[in-house]
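Student: Shown below is the structure under consideration.
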Amino acid sequence: MALATAPSPARHPIRPPVDPRPAARRRRRRTAGVAALIVAASLAYDRAGLFLVPLLFVLIVPFEKRFPRHPEQKLRRPQLGTDLGYVLAQPATTFIGALVLVPVGLVSLAWLPGLAVRPLVVMMPLWLQVVLGFLAFDLIIYWAHRWSHEIPFLWRFHAVHHSTETLDWVSGFRNHPFDGAIIAPPVVFLLAAGFPLEFTGIVAFLQIATGLFLHANVRWRLRPLHRIVITPEFHHWHHANDPEAINSNYSVFLPAWDLFFRTYFMPADRRPEVYGIDEPMAPGMVGHFLHPFRGIRSDWWRLPFRAIRHPWRAIRALGRGLRHLAEEIRRVGWRRPAAMDRSAEPVDRQPTRVDPLVEGLAEGHRGATTSRTRGGLDAGAALADAPHEPGVVGVGPEHHRPVG
Ligand SMILES: [Zn+2]
């Protein structure tokens with residue numbers, strides 16, 4: 001029997017250390033490939049993004065350079081490629097979003113009361129229709145935005161927008177395609193009620209025009225305007241990763257709603273410094289798109305195919321989901337957010353309950369309780385149960401920011 005000898009260094013050269021995370025690297029490459037496909041498909045459909053990027057650059061970056069809020073912030077910052085991808089993929093994400101928005105609007109039956117009040121609306125003069133329509137639309141967006149923060153299921157989607165840790169000329173484009181689907185029923189109501197379509201166009205234009213600068217790295221405080229129209233400072237506080245600022249400044253055009261519903265936060269002696277959220281989120285566009293579905297049944301991606309095979313069952317399930325959502329809205333709606341109300345019991349000590357929407361979809365989460373982060377999200381629990389993924393950035397659920 002031959003004696004075992006030490007391998008000769010010449011025949012077995014020292015290998016470089018093996019990357020312990022090849023699976024993560026492969027996954028990252030795969031998701032980057034899917035993101036590139038989404039962007040390519042989007043550009044094949046509509047090249048507007050190719051013009052939008054230089055337009056945004058020329059419109060906003062000179063102001064960021066001249067009046068920077070965070071002078072140390074570089075133009076080439078982490079995740080810039082991801083956010084540019086969002087700009088280029090706008091047509092694709094809008095299309096994907098409409099796939100959910102339209103059925104939600106129809107199944108919600110909000111068009112029924114809309115049709116009921118239509119005779120009243122059409123009797124109004126046009127100016128009154130426009131003013132009322134504008135106020136109603138802005139108020140609806142306030143509540144849709146607020147519920148997106150305070151209702152666990154909706155926060156899953158809205159968290160993507162808040163995951164950016166850098167506010168600048170492109171960061172505002174980071175949005176999950178399904179974020180905002182909650183707005184479909186009230187919009188369907190307004191349209192069925194006969195409010196002129198043009199006003200939604202005007203509001204959308206105003207929001208885009210103001211929105212361009214809301215996320216920009218500009219130091220404008222515009223103090224005289226604070227209570228009249230939203231400013232970069234107002235929206236920067238909304239994005240601030242600061243316990244005192246959580247659940248505040250939801251308005252997207254008129255801060256009057258925040259003042260009226262007591263969610264207005266504009267301290268005179270401080271400025272927002274740090275942005276983002278504490279919950280972990282996989283990087284990249286595809287990681288963001290999948291984020292809301294983490295912890296939900298593993299075959300969720302089959303759901304659209306099942307909906308095609310059993311459309312009636314899918315409509316009934318969607319109706320059930322919307323009913324659950326309405327219950328959640330009744331539970332949290334109209335109440336001052338606990339984060340802003342020092343006298344209120346901290347939300348994470350309130351009787352916990354399973355998010356009913358997630359309960360219907362979850363696998364192995366029976367009896368799980370809702371742990372709350374910014375928006376009452378139970379994603380912490382979901383992620384805690386999810387298999388560990390080295391590609392996931394951020395800190396563990398134990399670092400969730402306390403609220404209240
Ligand atoms: Zn928000």
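The values are calculated or read from the model by the stated rules, or taken from the named source; none is laboratory data. What you see is a predicted model; the values in this text were computed from it and never measured. Backbone-built Cβ (ideal geometry, glycine too); neighbour counts: all protein chains shown.
Student: Applying the selection to segment 148-162, what residues are farther than 19 Å from ILE296 by Cα and either surrounded by fewer than 24 Cβ atoms within 10 Å (Cβ to Cβ) or more than 12 Å from the ligand (Cβ to nearest atom) (or both)?
Tutor: HIS161, HIS162 - these are the residues of segment 148-162 that are farther than 19 Å from ILE296 by Cα and either surrounded by fewer than 24 Cβ atoms within 10 Å (Cβ to Cβ) or more than 12 Å from the ligand (Cβ to nearest atom) (or both).
Student: If you check ILE246 against the conditions, is it under 21 Å from GLY172 (Cα atoms), in contact with a Ser or Thr (Cβ under 6 Å, 6 or more places away or on another chain) and within 15 Å of the ligand (Cβ to nearest atom)?
Tutor: No: the conditions fail for ILE246.
Student: Quick check, is VAL188 among the β-branched types (Val, Ile, Thr), at pLDDT 85 or above, under 21 Å from MET124 (Cβ atoms) and more than 14 Å from the ligand (Cβ to nearest atom)?
Tutor: yes
Student: At pLDDT below 85, surrounded by fewer than 22 Cβ atoms within 10 Å (Cβ to Cβ) and more than 20 Å from the chain's Cα centre (by Cα) - does that describe any residue in segment 280-298?
Tutor: Within segment 280-298, one or more residues are at pLDDT below 85, surrounded by fewer than 22 Cβ atoms within 10 Å (Cβ to Cβ) and more than 20 Å from the chain's Cα centre (by Cα).
Student: Within segment 228-243, count every residue that is out of contact with any helix residue (DSSP H, G or I) (no Cβ under 9 Å at 6 or more places or on another chain) and more than 15 Å from the ligand (Cβ to nearest atom).
Tutor: Within segment 228-243, residues that are out of contact with any helix residue (DSSP H, G or I) (no Cβ under 9 Å at 6 or more places or on another chain) and more than 15 Å from the ligand (Cβ to nearest atom) number 1.
Student: Quick check on VAL218: is it away from the ligand (no atom under 16 Å from the Cβ) and crowded, with 22+ Cβ neighbours inside 10 Å? Let's see the steps before the verdict.
Tutor: Working: away from the ligand (no atom under 16 Å from the Cβ): yes; crowded, with 22+ Cβ neighbours inside 10 Å: yes.
So VAL218 passes the test.
Student: Checking the conditions here, which among LEU139, LEU154, LEU167 is among the hydrophobic types (A, V, I, L, M, F, W, C) and assigned to a loop (DSSP other than H, G, I, E, B)?
Tutor: LEU167
Student: Specify the residue that is modelled with the lowest pLDDT; the eligible residues are those in segment 249-262 that are among the aromatic types (Phe, Trp, Tyr) and more than 12 Å from the ligand (Cβ to nearest atom).
Tutor: In this case the residue turns out to be PHE253.
Student: Still on this structure, please answer the following. Inside segment 43-58, can you point out the residues that are within 21 Å of TRP169 (Cα to Cα) and either among the hydrophobic types (A, V, I, L, M, F, W, C) or modelled with pLDDT under 85 (or both)? Steps first, please.
Tutor: So in segment 43-58, the residues within 21 Å of TRP169 (Cα to Cα) come out as 43, 47-58.
Across segment 43-58, the qualifying residues are LEU43, ARG47, ALA48, GLY49, LEU50, PHE51, LEU52, VAL53, LEU55, LEU56, PHE57, VAL58.
Student: Something else now. So in segment 117-147, with the set limited to residues that are small (Gly, Ala, Ser) and more than 16 Å from the ligand (Cβ to nearest atom), which one is farthest from HIS291 (Cα to Cα)?
Tutor: The extreme case among them is GLY133.
Student: Can you go through PHE205, PHE213, PHE265 and tell me which one is more than 12 Å from the ligand (Cβ to nearest atom), closer than 15 Å to ILE141 by Cα and either at pLDDT below 90 or not assigned by TED's automatic domain parsing to the domain that holds GLU165 (or both)? Steps first, answer last, please.
Tutor: Numbers: PHE213 fails: closer than 15 Å to ILE141 by Cα; PHE265 fails: closer than 15 Å to ILE141 by Cα.
Result: PHE205 is the single residue among PHE205, PHE213, PHE265 that is more than 12 Å from the ligand (Cβ to nearest atom), closer than 15 Å to ILE141 by Cα and either at pLDDT below 90 or not assigned by TED's automatic domain parsing to the domain that holds GLU165 (or both).
Student: Further question: Which of the following residues is assigned to a loop (DSSP other than H, G, I, E, B) and either outside the structural domain of GLY211 (by TED's automatic domain parsing) or modelled with pLDDT of 85 or more (or both): ARG76, ARG146?
Tutor: ARG76
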